[in-house]
Every structure is written in C-alpha cells, then in structure tokens.
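For reference, the structure is listed below as structure tokens.
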Amino acid sequence: MSININWNEVIKKEARGLNDYDLGEVQEVQDNLVITKKGVLDKDKFYLPTSLVERFDGHNLWFRITKEDAQSLRRD
C-alpha cells in the first residue's frame, strides 16, 4: 500500500497509534522516521518508522502501532 503524504504538513500535528494511543506531536520527519514529542514536564520522544504510517487526516497522523510496541521506540 502506497501512501501519498506531504510530510511538511504533518509537522506540529498530533500522532496517534492503534486504539487512539497518543504518540505526541510531530516535531520533525527525517529520512524514514517521524519524531514526535509527548508530555509537558517529562517529555518522551518517539522515533517512528514512516512505514508504520496508516494515514493522515489533516489533523492526526495515524500509525499502525500499539502502545506496547511504541514503548520500544521511545527515548527520553
């Protein structure tokens, strides 16, 4: 499945996983990674492969990833 996304449009948009899991706000897109930041005081960064992107609806960038799987892609 090929997805046509203008990656410049996803910056500062919300990222969501399966079951509406909050992955934070998209900070940047590099090569094959989407970097998001979640939290106010304790900020977590997620480094999510673009291959897991399901769709972009103009407000949220949706990923095919569970909360549990996302934890392995999290860094402080």
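The values are calculated or read from the model by the stated rules, or taken from the named source; none is laboratory data. The shown structure was predicted, so the numbers you read here are calculated from the model rather than taken from an experiment. Here the Cβ is made from the backbone with ideal geometry for all residues, glycine too, and neighbour counts use every protein chain on show. Just so you know, the surface numbers come from the protein's heavy atoms only, side chains and all, with ligands and any DNA or RNA stripped out. Shrake-Rupley method; radii C 1.70, N 1.55, O 1.52, S 1.80 Å.
The alpha-carbon atoms of the chain, seen along their principal axes, cover 34, 22, 22 angstrom, with the largest extent given first. Taking label points 7 Å from Cα along the Cα-to-Cβ direction, Leu18 and Lys37 give a separation of 2.9 nm.
Seen from Glu9, the other residues with C-beta closer than 14 Å to its C-beta sum to a net charge of -1, counting Lys and Arg as +1 and Asp and Glu as -1. With all protein chains in place and a 1.4 Å probe, the accessible surface of the chain carries 43 percent carbon and sulfur. Remark: the chain carries 66 Å² of accessible area per residue (probe radius 1.4 Å; ligands, DNA and RNA excluded).
Gain on full extension, evaluated as 0.36 nm per residue between Ile5 and Asp69 minus their Cα-Cα distance, stands at 20.7 nm. Overall, the chain carries a charge dipole of about 60 debye about its Cα centre when +1 sits on the Cβ of Lys and Arg and -1 on the Cβ of Asp and Glu, all other atoms neutral.
Mind checking region 23-76 for trypsin sites (Lys or Arg not before Pro) that DSSP puts in a loop (not H, G, I, E or B) and that have at most 15 other Cβ atoms within 10 Å? Passing sites in region 23-76 are Lys43, Arg64.
Helices in the chain, meaning DSSP H runs of at least 4 residues, each add -39500 (n - 2.57). Divided by all residues, the mean residue ellipticity at 222 nm is -1500 deg cm²/dmol. Here the simple spin-label model places points 7 Å from the Cα toward Cβ, and for Glu28 and Ser51 these points are separated by 2.3 nm.
In this structure, the amide hydrogen of Gly24, modeled 1.01 Å from its nitrogen in the peptide plane, lies closer than 5 angstrom to those of Ala15, counting only residues at least 5 positions away or on a different chain.
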